[in-house]
1. Given the criteria more than 30 Å from A:Asn49 (Cα to Cα), in a helix (DSSP H, G or I) and within 14 Å of chain A (Cβ to nearest Cβ), does B:Pro541 qualify?
2. Tell me which residues, restricted to the stretch A:11-31, are more than 16 Å from ligand 2 (Cβ to nearest atom), without any contact (Cβ under 8 Å) to a residue 24 or more places away in the chain and not in a strand (DSSP E or B).
3. Return the residue satisfying two criteria in turn: it lies in the stretch B:38-62 and is more than 38 Å from the chain's Cα centre (by Cα) and surrounded by fewer than 10 Cβ atoms within 10 Å (Cβ to Cβ), and of such residues it is farthest from B:Phe182 (Cα to Cα).
4. Can you tell me which residues in the stretch A:68-82 are in contact with a Pro (Cβ under 7 Å, 6 or more places away or on another chain) and not in a loop (DSSP other than H, G, I, E, B)?
5. Could you check the stretch A:74-91 and list, in sequence order, the residues that are in contact with a Ser or Thr (Cβ under 9 Å, 6 or more places away or on another chain), in contact (Cβ under 8 Å) with a residue 40 or more places away in the chain and within 7 Å of chain B (Cβ to nearest Cβ)?
6. Does the stretch B:82-95 contain any residue that is surrounded by 13 or more Cβ atoms within 10 Å (Cβ to Cβ), among the hydrophobic types (A, V, I, L, M, F, W, C) and at pLDDT 90 or above?
7. Restrict the check to the stretch A:56-73 and report whether at least one residue is of a type in the set (Val, Ile, Thr), more than 16 Å from ligand 2 (Cβ to nearest atom) and within 11 Å of chain B (Cβ to nearest Cβ).
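The values are calculated or read from the model by the stated rules, or taken from the named source; none is laboratory data. Please read all numbers here as calculations on a predicted model, not as lab measurements. Cβ: placed from backbone, ideal geometry, glycine included. Neighbour counts: every protein chain shown.
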Amino acid sequence: MLQVKNLTKIYDGGVKALDNVTFDVPKGQFLAVIGLSGSGKSTLLRCINRLIDPTAGQILWDGDDITTATPEEMRRIRRKIGMVFQHFNLVHRSKVITNVLAGRLGYVNPAWSLLNRFPKEDMSKALKQLERVGIADKAHQRADELSGGQQQRVGIARALMQDPNMILADEPVASLDPVLAHSIMKHLEEINKNDGVTVLCSLHFLDLVHRYADRVIALNQGQLVFEGLPSEIDDKKFKDIYGRDAERVG
Amino acid sequence: MNDKNQKPSIWKSIRTGLIFLIVAVILAYGFEITKIDLEELRSEQRQQSLIRVTRALAQPDIFEYEKETQTFTAPVYVTCPTGGAVIAEPDTSGPYAIVTPECAEPGETVTVEGFNFFPNSTGPVRFVPGNDPTNVVELGNETALADADGHFVATLVLPNRPSEDVQFIRATMSRNVGAPKFTQTAHDTWEKIIETVFLALLATILGTLLAIPLSFIAARNLMKSVRSPLASISLSTLGWPIGIAVGILVVRMVANFTEPFTSNILVNLVSVVLIPVILTFAIRWALPQDDVASPPLGLQIARLGVLFLSALVGFFWMYQLAGLFMNVGESSTALLGSFAFLGRFLIQLGDILIVTTPVLGALAAGGVFSNFLGRIGQRASEKLNEGTVKTLNLIASAAAGATVLGLLGWLVEWLYQIGRPAYTQTGPIVVGAVLGLLLAIFTKAKDTLPTGLVIYYVTRTILNTLRSVEALVMAIVFVIAVGIGPFAGVMALGLHTIVSLAKLYSEQVESIQAGPLEAITATGANRLQTIVYAVVPQIVPPYISYTMYRWDINVRMSTIIGFVGGGGIGFLLQQNINLLNYRAASAQMIAIAVVVSIMDYVSSVMREKAV
Ligand SMILES: Nc1ncnc2c1ncn2[C@@H]1O[C@H](COP(=O)(O)OP(=O)(O)OP(=O)(O)O)[C@@H](O)[C@H]1O
Ligand SMILES: [Mg+2]
């Protein structure tokens, strides 16, 4: 169970990216985060694993307060939260398998991992995850030799290596074509349904929201403007979220 | 904006005129102080020496031939004696020469005709004064060139040495035999050019190794987010001197303990081979690969103990290794013959190990203590209540300030021998303590301070300052410090390599993609892991290319660093120029040109391969 309470983030320049945001996510839910570009979706997701330090508010996860966690505690919290990015964020010059193994860095002894030594179980686990996302044959290729869709699968495999209880996906399909988008979303859905992993996923297309999300929250200029089921987004709500002039296409 | 620019303005014209005037004055002054004077170039004397030098440079002293020489001394009378000149028939079985006429007045021209000399030989034909045919004094500078039959004709103007007795004309004809050989200069040049290349190589390797860690500290994007609470900073500052002291003590104890065992090669061998095996097992146990759950406290302490023991054994191993190197080196030097340098290298390696082990030990212990105390500080300010943390901050920060300034004062005392403890001892300690207290009073107890940025700025400043000192100037300093020779050159070039590469490298670190960094951080990786998995793969190609570029510069620099006594070929070149031995200097310049262009080519090829 993730509880976000009165979360506010003001960037150094004075931009208020999150404004007193409060919501809960029950365990195992697939939550979509929607909103215009610049509404604060990425900021929200990054506050949850403290890639960004929030200015005020509280984030409780299974009772632990993430906002006040010490660096040592943060390591233990982060390793249970996988993250998937719009631009995949793979290390291009490293092999696919190394990128996937990097998901274990929170679990292995730092001293050994610096020498590129991972336990044997981790190696076989990495291959298994690659198999699960359907690109086992690419394991020893360089990451930048893969297509966008394949790279995002590597990103998902890396998140899976963390044995996550929660996955934060920041527009995971925004740089992919519609067909690939569905196949990536299906992977997330399968992880959510089969492994019971909570998924927070920011999305731009409402049809994807309708198809995959259990619940939706919407941000507008940092404020939470909607919270509910995907089917509850009618024309009026749509205009609240996306502004007066927005045209509904999806 | 635009029409303001187009409006003609008297001020603008005056300004243009003034700028022009200033530029002209600066140029004139520049000419004056750099003594540009074309008249000088055209003067007769300059022209001649220019020609001489140019010719010498065109004939580098690289090859020479074995020579075969034949001499014949032909009689001649200067002023015909009364009663006519009587000259015996020469022995025509060997080389011989005939002077016609056999007598003449001073200033008259005679013809010397030679027969049976080596074909195509050449040499001087000169007048030998006095009536001794073995006299070594010769006058004149005619040269003769024999044809394929060994026959030559030369003309000679008789000098003003009239005499009643017979005098002589000597032809010294020589020719090259066999293949060309390298001259002594060529050998010396070769030796020094090798020294030069290795000087550059060592400086580059040492510089690169030290520049890599520095470059991470000098990269803003990595250091920006490093913040720690005051208690942690002060305690880890205190940890350094304590750790270094403990490290030196411990390593010294190990050294004393090792002493009796080092002289025996067998003991050396066994311990050098066995200890790594034991250590591997010990470390495997003490540092398990998984970090899934916190182990119980007892186990943690046991593991720490094993790690400490492993460190002791590790130092023992290093001393044994040094002993092995020295023993093997010493006993093999005699056997190796012309490969004796390998033995000497081993001895040097052993020596280096013995010297560096205490330093390594001190630094390692310093790092460990600092890290450990810093963690305690971190934990304390996270877990304890505000008031306690504040008290801890006050005490630790005052102690750290006093220690740092006290050590600085000690350094100043040691350097300048002031001898006034009030200024160099009590003063700094009190001031440091007060500064520390003030810092602790004015920061909130649990606030974090931007340690990373402070370290970043300090490192940057030091790097920039050192980088602005030319390598040649550094070489002069090192020549004073460690004496003339290649060692000073290696130190100077190495230091310059460290600072300039650290700067270039850190710029590369600052320009990496932030995405992978973010992704690796999000997995729970710690800072070091993030660097190894997200930063290093991105910077390998530029690091290689900058290293090659630096290697290029170092080869170039090492050729001239000898001018100030830093070893290498520059020393020889400068000597020969000062001795006006331009043919030798020319050989060395050619060697430099060849080496620099080869290195240039090699490095460009390698750079292409790497990127
Ligand atoms: N590092 C930063 N420093 C200052 N302002 C920032 C920073 N990152 C984001 N912002 C600002 O915060 C606001 C929210 O940005 P955020 O990236 O969270 O939006 P988003 O909803 O993810 O947008 P998009 O859909 O385009 O990704 C924007 O106005 C943005 O300009
Ligand atoms: Mg975004």
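1. Working: more than 30 Å from A:Asn49 (Cα to Cα): yes; in a helix (DSSP H, G or I): yes; within 14 Å of chain A (Cβ to nearest Cβ): yes.
Yes: the conditions hold for B:Pro541.
2. Hits for the stretch A:11-31 are A:Asp12, A:Gly13, A:Gly14.
3. Restricting attention to the stretch B:38-62, the residues satisfying the condition of being more than 38 Å from the chain's Cα centre (by Cα) are B:39, B:42-45.
Applying the additional criterion that residues be surrounded by fewer than 10 Cβ atoms within 10 Å (Cβ to Cβ) yields B:39, B:42, B:44-45.
Numbers: B:Glu39: 41, B:Arg42: 37, B:Glu44: 36, B:Gln45: 34 Å.
That would be B:Glu39.
4. Result: A:Ile81, A:Gly82.
5. Within the stretch A:74-91, A:Arg79, A:Met83, A:His87, A:Val91 qualify.
6. No: the stretch B:82-95 contains no residue that is surrounded by 13 or more Cβ atoms within 10 Å (Cβ to Cβ), among the hydrophobic types (A, V, I, L, M, F, W, C) and at pLDDT 90 or above.
7. Yes, the stretch A:56-73 contains a residue that is of a type in the set (Val, Ile, Thr), more than 16 Å from ligand 2 (Cβ to nearest atom) and within 11 Å of chain B (Cβ to nearest Cβ).
Here is a yes/no grid of residues against (1) of a type in the set (Val, Ile, Thr); (2) part of a helix (DSSP H, G or I); (3) within 34 Å of the chain's Cα centre (by Cα):
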{"residue": "B:Ile33", "(1), (2), (3)": "yes, yes, yes"}
{"residue": "B:Ile36", "(1), (2), (3)": "yes, no, yes"}
{"residue": "B:Glu66", "(1), (2), (3)": "no, no, no"}
{"residue": "B:Ala74", "(1), (2), (3)": "no, no, no"}
